[in-house]
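The values are calculated or read from the model by the stated rules, or taken from the named source; none is laboratory data. Just so it is clear, the structure is predicted and the values come from calculations on it, not from any experiment. So basically every Cβ, Gly included, is an ideal-geometry build from the backbone, and we count neighbours across all protein chains shown.
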Amino acid sequence: MGDGGGIEVSGGAGGVTAHYDDMLSYADVLDTAGDGLRTASGRVGGLITSGDIAQAVVLCPVEVAQAEGAMVAAATGSSGALWAGGELEVTARYLRTSVSAYRLVDEKLAQLEELGADAAGFALGVALPGLALLGGAGYLAVKSNPLLQALLDAAGVEEPTLADLQETLYDNPWLLEALTRMAPSLIQGTSFTLAGLLGPAGTAALIAASGGNWPSTDYPSAIAGLLSIAGLAGMLEDTGEFTVDRVPGDAGQVDITQENIVASIFRGQSEASNEPGQVQVIEVPQPDGSSSYIVQIPGTQEWDPARGDNPIDLTTNVNLMAMQGSTVMEQQVADAMEAAGIKKGDPVMMTGHSQGGITAAAMASDPDIQARYSITSIVTGGSPIGRFDIPDGVSVLSLEHDQDVVPMLDGVENPDRPNWVTVNRELSDAEGTDEGVRGAGAAHSVPNYTKTGTEVDASSSATLEQWREDNAQFMGEDAEITRYQISPVG
């Protein structure tokens, strides 16, 4: 992969959608100007029949005739106000129609792209069991035939290892993206092939076990089907009672400035992850005596498919991606915000790495949470949040590494919207290497996202400058850090 590359910024104030909105604003200006010119044309035309003009005709008919001709030309002539106004209004209509056409094409292309990924994934999934059997038979044939094995050894063909696979995927991020986009439909195709081996009863059983969610080309429904099947085995159930308590002691202070805000956020994410089951709240004092707050949510800490003592776990991951209502983790973060004294009207920035970013996006998208708190901004690193319906009034900054598979798990690109900035960075070989192997684990690490945050802070991109301006309320000196512990009841 080499030495890596700088950041790439998309969306936000410099994004395609923002330019579409600019075109619509220009259309409104043209429309207003056209209305003004048509009104002016009428007024000029009215002067021709005024009493003053009629009296002047008696005294100087030639001059009045010339003046009336000029007024007629100014009002209704080929270069007059009426024609100019009409041309402006036609141009405005053309601009609006063009924007509608561009947006329709963008939408249909995105739908076709997702449909293609679904079809390819389902077809591959259907064939996968057969391919696995053939591959297994071929592997056994080689292993059981010393002559074939000797020929392969002589040709220098080595048996691929897990490390080889990781490095191949790291060096070819497009493979990661293709696989993650196809994943839900691939799983469905494989499941139906396996169920089909049992006959009609097997397929019917799979449909029933998934709660009627399979087959489905809808991503949340596919995840809901997985949850339904896992629930039959008592796994991935978003249950349990928890309490939130302030961690005693002083967690410290931090100065947050334009020059360090994003890097500071990810350093804070690292600190928030030091202890299991903790959420970090930073109170940022404002010049007028009020406060804004940065709420920091860590990434996944438990990978057991059964819920334990820490809801920052695999169960929360899958339930968040199903987008079927508030999770236990969201409720605990909201309780931590209440314990921190955050009130409705206080500006809140939600930040998170990996699962923490998904939780932040889910909370910003939840009308009930927004009715309780004023979430005005979210910052995420390595989080698949492209499918969340985040309100236009919430500023979004998403950091994603090209070789990080996790932000690809939603199977879609982040939307190009004026309020949503996405920053991509290609990591170097050294940054992506962990224990001598290049792979997604290092690409997903908080330290690497902190490095990316440093590059974001140093960037002079107009889009990022606008983001900093929009989030100035989350900058300040001597910001107080407090941590809250999520613990099981009983």
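Annotations for the structure displayed:
- When we screen 407, 415 for residues that are in contact (Cβ under 8 Å) with a residue 40 or more places away in the chain and farther than 25 Å from residue 476 by Cβ, the only hit is 415.
- Residue check, residue 215 outside the structural domain of residue 483 (by TED's automatic domain parsing) and assigned to a loop (DSSP other than H, G, I, E, B): yes
- For region 472-490, the criterion of a residue being within 20 Å of the chain's Cα centre (by Cα), assigned by TED's automatic domain parsing to the domain that holds residue 381, surrounded by 15 or more Cβ atoms within 10 Å (Cβ to Cβ) and closer than 22 Å to residue 421 by Cα is satisfied by no position.
- Annotation for region 392-404: at least one member residue is closer than 21 Å to residue 263 by Cβ, at pLDDT below 95, buried (at least 22 other Cβ atoms within 10 Å of the Cβ) and not assigned by TED's automatic domain parsing to the domain that holds residue 182.
- Annotation note: of 244, 262, 254, 279, the sole residue that is more than 18 Å from residue 337 (Cα to Cα) and part of a strand (DSSP E or B) is 254.
- Within this structure, residue 164 passes the test of being surrounded by fewer than 16 Cβ atoms within 10 Å (Cβ to Cβ), modelled with pLDDT under 80 and assigned by TED's automatic domain parsing to the domain that holds residue 216.
A quick yes/no check of all residues on (1) touching a strand residue (DSSP E or B) at 6+ places or on another chain (Cβ under 8 Å); (2) under 30 Å from residue 214 (Cα atoms); (3) outside the structural domain of residue 188 (by TED's automatic domain parsing); (4) modelled with pLDDT of 75 or more:
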site: 32; (1), (2), (3), (4): no, no, yes, yes
site: 77; (1), (2), (3), (4): no, no, yes, no
site: 83; (1), (2), (3), (4): no, no, yes, no
site: 96; (1), (2), (3), (4): no, no, yes, yes
site: 99; (1), (2), (3), (4): no, no, yes, yes
site: 125; (1), (2), (3), (4): no, yes, no, yes
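- Residue in region 346-353 that is under 17 Å from residue 319 (Cβ atoms) and crowded, with 22+ Cβ neighbours inside 10 Å present: yes
- Within region 440-451, if we keep just the residues that are of a type in the set (Gly, Ala, Ser) and either in contact with a Gly (Cβ under 7 Å, 6 or more places away or on another chain) or not assigned by TED's automatic domain parsing to the domain that holds residue 352 (or both), the residue that is surrounded by the fewest Cβ atoms within 10 Å (Cβ to Cβ) turns out to be 442.
- Region 428-455 residues that are part of a loop (DSSP other than H, G, I, E, B), paired with ones that are among the hydroxyl-bearing types (Ser, Thr, Tyr) and modelled with pLDDT of 90 or more (beta carbon under 9 Å, 6 or more apart): 431/445; 444/354
- Taken over region 167-193, the criterion of being loosely packed, with under 15 Cβ neighbours inside 10 Å and out of contact with any Leu (no Cβ under 8 Å at 6 or more places or on another chain) is satisfied by 171, 172, 174.
- Criterion applied to 334, 361 was being in a helix (DSSP H, G or I) and farther than 22 Å from residue 274 by Cα, and the one residue passing it is 361.
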